[in-house]
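Chemist: What follows is a structure written as structure tokens; I'll ask about it next.
The values are calculated or read from the model by the stated rules, or taken from the named source; none is laboratory data. All of these numbers come straight from a predicted model, not from anything done at the bench. Cβ atoms come from the backbone with ideal geometry, glycine included; neighbour counts cover every protein chain shown.
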Amino acid sequence: MERRRILITNDDGISSPGLFKLAKAASVFGDVTVVAPDGERSGISHCFTYKNPIKGRKVDDYGLPGVEAYALDGTPADCVRIGVLKIMDRKPDFVFAGINAGYNIASDIQYSGTIGAVMEASFQGIAATAFSKGGKKSDELIDRYLEKLIEEQLNIPYVKGCARNINFPDCSLEECRGILRDVKVSDDDFYRDEYSLEEDGEGGLSFMVSQKRNWKGTEGTDLYAILNDYISEGPVYNIR
């Protein structure tokens, strides 16, 4: 296979083990540049910075031969924009984001900085895929399937307004039932969040979310796949 130019980012930060693992696996197939936030930016969606300068540094000791890495104080979408428009000397062939610590499935994807990054890549006319995992047991599946999935993604043609999304279930290799491809993003009633309220007696109010999920997914969706110990793979759309 022809070697590709690949840009990699995430929302967990430049020091994330998942980012390093993704960059290492991608480097088998292409020339990799890493541009990631300097710290965690989870839940920031497709936010980008336009009223303030974005500062950063080149990471000279990233630890992967031939891979240039940069840490920025911006968002994942900022990292894609700056990577594509300024750091890389020409447009990458592909953008990968992840590997996110925690699923990006169902209505969660609208809040995810990881998904925001691949949505930005799609806006820039670049094919892109987000990777996420459920927990520690997912690492067995990542070790077994990651390179195979990367190779498959590199052969999927770019579709305007579309990126791809892959989630590894939190189960052992023996428990995993395989890969469900082209699953839909679940529109099941996933969120059932509540907020607590505290008052300070001086007119101040403090709200804190209590995150609750409804772990029931319709067959053919990403949520169903994860609940049934499948790796989920499917499209996410910017514009339909």
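Chemist: Within region 139-168, count every residue that is under 15 Å from the mean Cα position of the chain (by Cα) and free of Cβ contacts under 8 Å to residues at least 60 places away in the same chain.
Modeler: Total meeting the criteria: 1.
Chemist: Okay, moving on. For the subset of region 54-75 comprising residues that are of a type in the set (D, E, K, R) and under 18 Å from SER27 (Cβ atoms), which member is nearest to the chain's Cα centre (by Cα)? Spell out the reasoning first.
Modeler: Looking only at region 54-75, we keep the residues that are of a type in the set (D, E, K, R), and these are 55, 57-58, 60-61, 68, 73.
If we keep only those that are under 18 Å from SER27 (Cβ atoms) as well, we get 58, 60-61, 68.
On the way: LYS58: 22, ASP60: 24, ASP61: 23, GLU68: 20 Å.
My answer is GLU68.
Chemist: Same structure, new question: Would you mind stating whether ASP61 is assigned to a strand (DSSP E or B) and at negative phi? Spell out the reasoning first.
Modeler: On the way: assigned to a strand (DSSP E or B): no; at negative phi: yes.
Spelling it out, it is not the case that ASP61 is assigned to a strand (DSSP E or B) and at negative phi.
Chemist: Would you check which residues across region 81-122 are assigned to a helix (DSSP H, G or I) and of a type in the set (Val, Ile, Thr) and list them?
Modeler: Initial filter on region 81-122 (assigned to a helix (DSSP H, G or I)): 81-87, 106-110, 113-122.
Once the filter is applied, which keeps residues that are assigned to a helix (DSSP H, G or I) and of a type in the set (Val, Ile, Thr), region 81-122 yields ILE82, VAL84, ILE87, ILE109, THR114, ILE115, VAL118.
Chemist: Next question. Among the candidates LYS51, LYS24, single out the residue that is at pLDDT 95 or above and among the basic types (Lys, Arg).
Modeler: Working: LYS51 fails: at pLDDT 95 or above.
Of the residues listed, the single one that is at pLDDT 95 or above and among the basic types (Lys, Arg) is LYS24.
Chemist: Is it the case that region 17-25 has a residue that's farther than 18 Å from PHE123 by Cβ, outside any loop (DSSP other than H, G, I, E, B) and among the charged types (D, E, K, R)?
Modeler: Going through region 17-25, the residues farther than 18 Å from PHE123 by Cβ turn out to be 17-25.
In the following step, the residues that additionally are outside any loop (DSSP other than H, G, I, E, B) were identified as 17-25.
Narrowing the set further to residues that are among the charged types (D, E, K, R) leaves 21, 24.
Yes, there is a match, as at least one residue in region 17-25 is farther than 18 Å from PHE123 by Cβ, outside any loop (DSSP other than H, G, I, E, B) and among the charged types (D, E, K, R).
Chemist: Quick check on my filter: what residues within region 165-210 are aromatic (Phe, Trp, Tyr) and under 24 Å from VAL95 (Cβ atoms)? Explain how you work it out, then say what you get.
Modeler: Kept after step one, since they are aromatic (Phe, Trp, Tyr), are these residues of region 165-210: 168, 190-191, 195, 207.
Within region 165-210, PHE168 is the sole residue that qualifies.
Chemist: Could you list all residues from region 64-80 that are closer than 24 Å to TYR145 by Cβ and assigned to a helix (DSSP H, G or I)?
Modeler: PRO76, the sole residue that qualifies.
Chemist: Test VAL183 against the criterion of being touching a helix residue (DSSP H, G or I) at 6+ places or on another chain (Cβ under 8 Å), farther than 30 Å from PRO53 by Cβ and surrounded by 15 or more Cβ atoms within 10 Å (Cβ to Cβ), and give yes or no.
Modeler: Working: touching a helix residue (DSSP H, G or I) at 6+ places or on another chain (Cβ under 8 Å): yes; farther than 30 Å from PRO53 by Cβ: yes; surrounded by 15 or more Cβ atoms within 10 Å (Cβ to Cβ): yes.
The answer is yes for VAL183.
Chemist: Take the conditions assigned to a strand (DSSP E or B), more than 22 Å from GLY135 (Cα to Cα), in contact (Cβ under 8 Å) with a residue 24 or more places away in the chain and out of contact with any Asp or Glu (no Cβ under 7 Å at 6 or more places or on another chain) and apply them to VAL35. Does it pass? Quick ask: steps written out before the conclusion?
Modeler: Details: assigned to a strand (DSSP E or B): yes; more than 22 Å from GLY135 (Cα to Cα): yes; in contact (Cβ under 8 Å) with a residue 24 or more places away in the chain: yes; out of contact with any Asp or Glu (no Cβ under 7 Å at 6 or more places or on another chain): yes.
Answer is yes for this residue.
Chemist: Any residue at all in region 212-228 that is over 20 Å from GLN110 (Cα atoms), surrounded by 10 or more Cβ atoms within 10 Å (Cβ to Cβ), touching a Leu at 6+ places or on another chain (Cβ under 9 Å) and not polar (S, T, N, Q)?
Modeler: no
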